[in-house]
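K.L.:
Before I ask anything, here is the structure I am working with.
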Amino acid sequence: MIYILLILILILLSVIFYLFIQNNKIKEEHVKNMTKLQGIISSLHFKQQLLNDKVVISNEYKTNYSKDMKALGDEVVELQKVFIDIISNGNYN
């Protein structure tokens, strides 16, 4: 009876030791995965900042382009009025 209990205790200790080793392997793998994930998150954050900067530049360009095109269109209309006045008055020279 004692031998059976000793064998059972040895088996249980072996199982506990095996589970302890497996748990440590899982923890190490988890730490590696978390380190990789942190690197990926940092990379994505940097890329997002670059894209946000590009969006700001693009919006500024679009705003300036719209203003410049409106001003250019106003000047063209003004020149057309001047040409019509010149033609209607007969002042070709």
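The values are calculated or read from the model by the stated rules, or taken from the named source; none is laboratory data. Fair warning: this is a prediction, and the values are worked out from it, not measured in the lab. Every residue, glycine as well, gets a Cβ built from its backbone with ideal geometry; the counts of neighbours run over all protein chains shown.
K.L.:
Which of the residues that make up the range 1-30 are polar (S, T, N, Q) and under 45 Å from the mean Cα position of the chain (by Cα)?
P.N.:
Correct list: Q22, N23, N24.
K.L.:
Still on this structure, I have one more. Do we have N33 as free of Cβ contacts under 8 Å to residues at least 24 places away in the same chain and under 34 Å from the mean Cα position of the chain (by Cα) here?
P.N.:
yes
K.L.:
Within the bounds of the range 31-47, is there any residue that is assigned to a helix (DSSP H, G or I), among the hydroxyl-bearing types (S, T, Y) and at pLDDT below 95?
P.N.:
No.
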